[in-house]
Structure formats: C-alpha cells, structure tokens
Amino acid sequence: MSNPSIEDLIETKEEGEAKYVRVDKVLFKCFLTEGKIYPLHRNYNVNPDVFTNGETYVVDDQGRNNYSLFMLCKSTLLK
C-alpha cells in the first residue's frame, strides 16, 4: 500500500471510520516517524465489548505490529 497524499485525506475524530493515522509528534520512542502517514489495521481477535471496531494498530518502521501508537505519540486520524 502506497503512502497516500495528505491532500487526498480528511481528518476525523471517529476511530471506527479512520483508515490512516498521521504521527504528529513522537512523545516516547516507539519506532514511528513524525509526519509519516501509516495505514491503520484492526485486530478483531479481541473482546468485542472492549474493542467494538477491533483493536487498532500500525506496522511500525521495524515491521512490527505497534498497538501503543495512541499512548506514545500525538497523532491525527484520517479517512
């Protein structure tokens, strides 16, 4: 999947409708790049009462599933 142009995307506050996330500021080391847009992935093998749209994660710069993005970075959801 190619990195989309920011002009093609719009911001959203709803995590369920977001398809991408832009990392605005890395607050703690988490192997993500500031300013980069990452596609969002969802893990549906979790408790549906807690994660109604699946648990959201990105694949970080080391190729690993990163579930801590929203705790370790300031970010913007995009659709």
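The values are calculated or read from the model by the stated rules, or taken from the named source; none is laboratory data. It should be emphasised that the depicted structure is a prediction, and the values quoted were computed from it without experimental measurement. Here the Cβ positions follow ideal geometry from the backbone for every residue, glycine too, while neighbour counts run over all protein chains shown. Note: areas computed on protein heavy atoms with side chains; ligands, DNA, RNA excluded. Shrake-Rupley method; radii C 1.70, N 1.55, O 1.52, S 1.80 Å.
Here are some notes:
- Spin-label model distance (nm) - SER68 vs HIS41, 7 Å beyond Cα toward Cβ: 1.8 nm
- Relative contact order for the chain, counting Cα pairs under 8 Å that sit 6 or more residues apart, in percent: 40 percent
- Per residue, the chain exposes 67 Å² of accessible surface when a 1.4 Å probe is rolled over the protein heavy atoms with every protein chain present.
- Treating each Cα of the chain as an identical point scatterer and summing with the Debye formula, the log10 of I(q)/I(0) at q = 0.13, 0.21, 0.27 Å⁻¹ comes to -0.37, -0.97, -1.42.
- The slack in the chain from LYS25 to VAL59, taken as 0.36 nm per residue of separation less the alpha-carbon distance, amounts to 10.5 nm.
- When the chain is described by a simple charge dipole with +1 on each Lys and Arg Cβ and -1 on each Asp and Glu Cβ, the residue from LEU78, VAL46, ASN65 located farthest towards its positive end is ASN65.
- Protein-only accessible surface at a 1.4 angstrom probe places the residues ASP60, ASP49, ASP24 in the order ASP49, ASP24, ASP60, largest first.
- Solvent-accessible area, 1.4 Å probe, carbon plus sulfur percent, for the chain: 50 percent
- Under the convention that each Lys and Arg Cβ holds +1 and each Asp and Glu Cβ holds -1, the size of the dipole of the chain around its Cα centre is about 200 debye.
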